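Engineer: There's a structure below that I have some questions on.
The values are calculated or read from the model by the stated rules, or taken from the named source; none is laboratory data. In this text, all values refer to a predicted model and were calculated from it rather than measured experimentally. Reconstructed Cβ throughout: ideal geometry from the backbone, glycine too, with neighbour counts over all protein chains shown. For accessibility, only protein heavy atoms count, side chains too; no ligands or nucleic acids. Shrake-Rupley method; radii C 1.70, N 1.55, O 1.52, S 1.80 Å.
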Amino acid sequence: MRFDILTLFPDMMEAVLGDSIIGRAKKNGLIEINCIQIRDFTHDKHRQVDDYPYGGGRGMVMQPQPIYEAYQSICDKLDYKPYTIYLSPQGKTFRQSTAKRLAKKEHIVLLCGHYEGVDQRILDEIVDAEISIGDYVLTGGEIACMAVVDAVSRLVPGVLKDEESFSEESHYSGLLEYPQYTRPEEWHGKKVPDVLLSGHHKNICEWKRKMSIKTTFEKRRGMLSKIKLSEKEKNFVEELKREQNCKGKK
Ligand code: SAM
């Protein structure tokens, strides 16, 4: 899978996306990440990429032409239009389901804005979707872009090793993940649940599912109404509710 990132801060992106699991996936040729410096597509001696907003207002706005030329430098070598995303606080909120959908694409271009944003005309011309990583405003699109590239890349087949499998992870199937434990078996007087040491695969699987439901109930209860639970699991949720009510009354 290929990502082309249009940014004013390619060094920042390369430092983060060159390490760990994503760095390994790049080395193994499973993903390709190219960071394109928008400033390289200016034609004046100050390499200016922004200007004052028409109509007044605060700050500076990124000009359309350098972004367009940077984008064209990608498209000139292609016989298709790559799926193009603008990272924006005005976009649809990025979710695991968005990551799953994007992981099926072969090529994505991501545009990172800066300053007060980007001239609307270039967005109208090249962008297929606007994505936000949450209802708050960042200084630039780079951090949002790294979050999107990271979350999408780890879903590309082969990027995670078997033991790092994502299918049981939070949000993948609509639940949060069960609690995790590692060595030592006992720490600060707290023991790892016996079932996890039992080696009994079926019981461990059942425990994990039950604990996923419990964790979701405790932390993000609204998610439970969106997934299919068995009758037994529904009864378990009712039990959790009763327990919580009893605690509330004490
Ligand atoms: N003036 C813009 C507005 O009010 O909608 C905000 C501009 S913001 C300071 C600069 C850049 O950061 C944006 O162009 C966008 O690329 C990025 N950005 C800021 N917040 C973001 C968020 N929540 N998700 C994704 N990108 C964001």
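Engineer: Would you point out which residue out of V49, V61 is open to solvent by less than 20 Å² (accessible area, probe 1.4 Å) and within 16 Å of the ligand (Cβ to nearest atom)? Steps first, answer last, please.
Structural biologist: Details: V61 fails: open to solvent by less than 20 Å² (accessible area, probe 1.4 Å).
Exactly one residue qualifies, and that residue is V49.
Engineer: Answer yes or no: is there a residue in the range 78-85 that is under 14 Å from the mean Cα position of the chain (by Cα) and either at pLDDT 95 or above or open to solvent by less than 30 Å² (accessible area, probe 1.4 Å) (or both).
Structural biologist: Yes, there is a match, as at least one residue in the range 78-85 is under 14 Å from the mean Cα position of the chain (by Cα) and either at pLDDT 95 or above or open to solvent by less than 30 Å² (accessible area, probe 1.4 Å) (or both).
Engineer: Still on this structure: Going through S165, S132, S73 one at a time, which residue ends up being within 14 Å of the ligand (Cβ to nearest atom) and either exposed (fewer than 12 other Cβ atoms within 10 Å of the Cβ) or within 30 Å of Y52 (Cα to Cα) (or both)? Step through it out loud before you land on a result.
Structural biologist: On the way: S165 fails: within 14 Å of the ligand (Cβ to nearest atom); S73 fails: within 14 Å of the ligand (Cβ to nearest atom).
Residue meeting the stated conditions: S132.
Engineer: Condition check: modelled with pLDDT of 95 or more, open to solvent by 50 Å² or more (accessible area, probe 1.4 Å) and either part of a strand (DSSP E or B) or assigned by TED's automatic domain parsing to the domain that holds I131 (or both). Does D4 satisfy that? Break it down stepwise before answering.
Structural biologist: Details: modelled with pLDDT of 95 or more: yes; open to solvent by 50 Å² or more (accessible area, probe 1.4 Å): no; either part of a strand (DSSP E or B) or assigned by TED's automatic domain parsing to the domain that holds I131 (or both): yes.
In short, no.
Engineer: Can you give me the number of residues within the range 199-240 that are free of Cβ contacts under 8 Å to residues at least 12 places away in the same chain, basic (K, R) and in a helix (DSSP H, G or I)?
Structural biologist: Adding up the residues that qualify gives 4.
Engineer: Let me ask something additional. Are any of the residues in the range 70-93 without any contact (Cβ under 8 Å) to a residue 12 or more places away in the chain, part of a helix (DSSP H, G or I) and out of contact with any Phe, Trp or Tyr (no Cβ under 8 Å at 6 or more places or on another chain)?
Structural biologist: The answer is yes; a qualifying residue exists.
Engineer: Still on this structure: Tell me yes or no: at least one residue of the range 109-128 is away from the ligand (no atom under 16 Å from the Cβ), assigned to a loop (DSSP other than H, G, I, E, B) and either open to solvent by 30 Å² or more (accessible area, probe 1.4 Å) or among the β-branched types (V, I, T) (or both).
Structural biologist: no
Engineer: Only one of L138, L176 is within 16 Å of the ligand (Cβ to nearest atom) and either open to solvent by less than 70 Å² (accessible area, probe 1.4 Å) or not basic (K, R) (or both). Can you tell me which?
Structural biologist: Values: L176 fails: within 16 Å of the ligand (Cβ to nearest atom).
After ruling out the rest, the residue left standing is L138.
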